1. Please name whichever of LEU405, ALA378, CYS359 sits farthest to the positive end of the charge dipole of segment 355-437, dipole taken about the Cα centre and charges placed at Cβ: Lys and Arg +1, Asp and Glu -1.
2. If you take all C-alpha pairs in segment 137-435, what percent of them are over 24 Å apart?
3. Under 10 Å, Cα contacts only: if you run a Gaussian network model on the chain, which one of ASP313, ASP291, ASP209 comes out with the highest mean-square fluctuation?
4. Please report the Cα spread of segment 7-129 along all three principal axes, rounded to whole Å, starting with the longest.
5. Can you pull the percent of Cα pairs in segment 264-356 with separation above 16 Å?
6. Ranked highest first by the average count of other Cβ atoms within 10 Å around their residues, in what order do 342-352, 413-423 fall?
7. Calculate the dipole size of segment 150-288 relative to its Cα centre from +1 charges on Lys and Arg beta carbons and -1 charges on Asp and Glu beta carbons; express the result in debye to the nearest 20.
8. Can you compute log10 of I(q)/I(0) for segment 282-440 with the Debye formula, treating each Cα as one identical point scatterer, at q = 0.15, 0.16 Å⁻¹?
Amino acid sequence: MTHTLNETHDAALTSWVESANDPQSDFPIQNLPFAVFRRAGSGAPFRGGVAIGDQVVDLAALDAVLAGRPDHAVARQAAALGARDSLNALMAAGPAAWSALRLALSRLLRADAPARPDLLVAQADAEFAVPATIGDYTDFYTSIHHATAVGKLFRPDNPLLPNYKWVPIGYHGRSSTIGVSGQEFRRPLGQTRGATDAEPVFGASKRMDFELEVGIFVGPGNAPGEPIAAADAEAHVFGLCLLNDWSARDLQAWEYQPLGPFLSKNFATTISPWIVTTEALAPYRTGWRRDAADPQPLPYLDYPALRGGGGFDIELEVQLQTAAMRQAGQAPATLATSNFRHSYWTVAQLLAHHTVNGCALRPGDLLGSGTQSGPEAAQAGSLLELSAGGKQPLTLPNGEQRVFLEDGDRVVLRGRAARPGLPRIGFGAASGTLLAADKR
Ligand code: MN
């Protein structure tokens, strides 16, 4: 299922929320992404909200507006589900409910509709929570450029393992340490062993890294034993967000064989508060191609919409702000830009593969795309790649150098779908800060 364009995608639409009409806004009326929020410091329950310009539409306040509108009955039910303290129930409700709510919001927020500032909370006055109760979290490895570059560092003679072009590689992560933008966490402790060390040592990681990823929130999902077909998979995708899979490379190098990443990944994962729906991204679908020299996908990973529009054209960016930059009032510096269109596997293929053995996905489950490095060196989505395995320091605009992250470093992921003549569909930011290790 890929969405056809409808009146909510009309590029000419503007809103009575003036800030939404700024072409540089991540959140024009054509976007309408979901989050869970409350007024900062209020202690009020968290509830669902939708971004419009620099404001949040309070889904709990929408009921009174939609109550007298029989044409928006489905949207009213969806808004009630979205007004809870997590979005799981709305995610479970499926695409018809999501689309109805999007249409109602679009009509309510248009410039020719009566202004209702009483429905809004300024984003600057809001605080956000992880938008769903995430039962399970799986991280994939869908950039062949990242897999090849990292493979070269870990296994110079054997960079890309033979399964890569046949099977979407992934591992089961932890949901317990996923945090929303603004997350702070301590440098993890663990075992490491350098290439020339006889024995491992215990201590703080010295090779801390980020991973520039897209997060995928699951919608209705499937019962155990009932796989989701690739052709139906997008009906089970609520939307996409930004995801930073923080990684301790020295822990990873020592522990990853034979069962994959473990403590090198599960101490922290940061996501953006906003989830952009696949319907909002419909104008930014892009064709997916597999090199003729590569294996074509097995039948269960192939589907009619794959080659015409299986991918997403989403620009991704990673920025770094060191503690010194913050003290000097300097803005974060861009380290790399990439695009989700380079992914070797599509979102639908990830869901189809994940469930083909009978594994159940549930509403609110989160999938990570894997580090989205592109084909160019400047499109590398991790420091491991940008510093050539810690050998080539990066010089920041203020003269500081980095091979891996230092205490106090703040990493900011950004994303947007943008094209001339089309509204910008932005993702906001996923920002996280590395603190000094616990003293032991
Ligand atoms: Mn990852």
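Bear in mind that the values in this text are calculations on the coordinates, not laboratory data. Keep in mind it's a predicted model, so treat the numbers as computed, not measured. Here the Cβ is made from the backbone with ideal geometry for all residues, glycine too, and neighbour counts use every protein chain on show.
1. Result: CYS359, furthest along the dipole toward the positive end.
2. When every Cα pair of segment 137-435 is considered, 50 percent fall beyond 24 Å.
3. ASP291
4. 36, 33, 23
5. More than 16 Å apart: 70 percent of the Cα pairs in segment 264-356.
6. 342-352, 413-423
7. The dipole magnitude comes to about 380 debye.
8. Reported log10 I(q)/I(0), two decimals: -0.97, -1.05.
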